[in-house]
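First up is the structure itself, then whatever we jot down about it.
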């Protein structure tokens, strides 16, 4: 979204979930790729809003663990606002046992040495 008079910065939003219900066997992979592919789309001086869950009716696709593993391995610095269901889900990484919130906080502070 381009900037407008009420908001002086651009926004990129990744919130695809509707078509995931049509591909249950691969929905997990599709949602993960959507999340990762959105990372370089953060506008300079703007905001990235990136949804890591895809839910519909009583079903959902949750990608916390592979996203945490991606963050720990690649150490991106432009995560933007990353929104998760069940953000307390944790996994072991070379950063130690962490959840999505801790991984994102680590990205804001340059990751521990």
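Below are the figures for this structure:
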item: Of all residues making up the stretch 40-97, the number that are over 20 Å from residue 108 (Cα atoms) and loosely packed, with under 14 Cβ neighbours inside 10 Å; result: 5
item: The stretch 22-44 - residue that is at pLDDT below 90 and not in a loop (DSSP other than H, G, I, E, B) and, of those, farthest from residue 75 (Cα to Cα); result: 22
item: Filter result (part of a loop (DSSP other than H, G, I, E, B) and within 20 Å of residue 30 (Cα to Cα)) within the stretch 60-75; result: 63
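The values are calculated or read from the model by the stated rules, or taken from the named source; none is laboratory data. As the structure is a computational prediction, the values presented were derived from the model and not from experiment. Note: ideal-geometry Cβ built from the backbone for every residue, glycine included; neighbour counts use all protein chains shown.
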